[in-house]
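See below for the structure under consideration.
The values are calculated or read from the model by the stated rules, or taken from the named source; none is laboratory data. All values reported here derive from a predicted model rather than from experimental measurement. Positions of Cβ are backbone-derived with ideal geometry, glycine not excepted, and every protein chain shown enters the neighbour counts.
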Ligand SMILES: Cc1cc2nc3c(=O)[nH]c(=O)nc-3n(C[C@H](O)[C@H](O)[C@H](O)COP(=O)(O)OP(=O)(O)OC[C@H]3O[C@@H](n4cnc5c(N)ncnc54)[C@H](O)[C@@H]3O)c2cc1C
């Protein structure tokens, strides 16, 4: 005999089929494995159904039905979040944003693009580029990640040092609450002091408070010139000195400052196919520096002068400036190949943490020393957005034991000791939930729960992600 949950599940599927066309509701064998497989290729059980709405109205109608039936939903963008937030749990329906990809308006006068949120980041970048503009958010997963995922994780990426996080690029949002209520906040202006800034509820909250369906985002005139340089440095003190120098000399033109410890640079340029090493791989640190300006001549000479000065004063040991777009892309490929590097290594755990720049060197040393106490062959590969206080760590260890939990506890423990944040970019999802308390106080987490209960009283949106209620 079917139990209560089975009856609710078959009832909602029947109701959804009756309310939407067949291409919108996928069930059974029509559910492709990609809706329940993570980036590592590991599948979980298929969801109850996959919903593929085309409009905000359809999202609203769908959520209203799930809210009434108390059926949980997990929203999927490009599924590149890496914290298992989008993997459906038993009994969940997947809400895929893959058909909500319309870029509705590019307003070059106002510096705004209005878009549905299922659009991949790269497609939006390319569309505004056609009008001579840039959407500054940029990250390695650009081809797959979506604007909705970027907003929901408050994505950072490569140009935060100049343009801020996704939060700083969002002018207005349209979001659908758990009960189907639509909040129409797609506004095209920066200033709006009319009470609670509701859009912030949906930025970085990983789809737990609502589904973001449309957004008004800031765009900027594309720079006339972009200079990309790779520098080799003798110490982390030099990395900090170069950052201070670049901030002073390039000011608003400094659009990226990425640091790579030797292991990251050396292993990526030797193990990842197609990644070349423009500088020898024997230096302690490497920095990728990008400068973007409206005056091509000045941008070029500013970077040349900066590097000349840094060389003369011993801050850098060697440097190369990309001489073409292809050479610049090749330098960026080194920094963007972390996933590929991970795949080329043995057992490992990846981290995305924040801490003050003056603590980064000691943090990396501590990680390596304490990893060795777990396993003599273990080591940490460190790299990241130094200018934003954000480091990525790939902690490797030797087989056959699965040391994921041990290594995770160790790295987050050290992050806590250094006063850092356990998630700089990717969010908490399911994977980091047990460690949230290392970065947020009990009172803060309880306040998050209060918001969740108020906006989603039946707990149907991404339940169990970030925290349990
Ligand atoms: C190679 C690589 C490089 C990366 N580099 C960076 C980086 O530099 N900076 C950075 O910040 N991140 C980075 N990431 C992480 C990831 O790309 C970002 O978190 C990205 O913003 C997620 O977008 P997505 O569409 O894939 O979201 P998903 O993974 O599909 O979803 C992420 C979360 O958002 C929710 N969600 C998705 N769409 C919506 C919506 N429309 N409404 C409500 N909730 C929604 C999901 O339920 C989930 O909780 C990287 C990932 C990879 C694989």
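A compact table of results
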item: Matching strands (runs of 3 or more DSSP E) fully within region 199-290 where at least 2 residues are in contact with a helix residue (DSSP H, G or I) (Cβ under 6 Å, 6 or more places away or on another chain) and more than 16 Å from the ligand (Cβ to nearest atom); result: 225-233
item: Answer from 461, 438, 455 - the residue that is away from the ligand (no atom under 16 Å from the Cβ), touching a helix residue (DSSP H, G or I) at 6+ places or on another chain (Cβ under 9 Å) and touching a residue at least 12 places away in the same chain (Cβ under 8 Å); result: 438
item: Residue tally, condition crowded, with 16+ Cβ neighbours inside 10 Å and either modelled with pLDDT under 85 or not assigned by TED's automatic domain parsing to the domain that holds residue 75 (or both), over region 9-42; result: 1
item: Of all residues in region 43-79 being under 19 Å from the mean Cα position of the chain (by Cα) and closer than 23 Å to residue 452 by Cβ, the one that is surrounded by the most Cβ atoms within 10 Å (Cβ to Cβ); result: 77
item: Hits in region 143-158 - residues which are more than 20 Å from residue 353 (Cβ to Cβ), buried (at least 21 other Cβ atoms within 10 Å of the Cβ) and more than 6 Å from the ligand (Cβ to nearest atom); result: 147, 151
item: Single condition residue 100 does not satisfy, out of (1) modelled with pLDDT of 95 or more; (2) farther than 30 Å from residue 131 by Cα; (3) within 16 Å of the ligand (Cβ to nearest atom); result: (2)
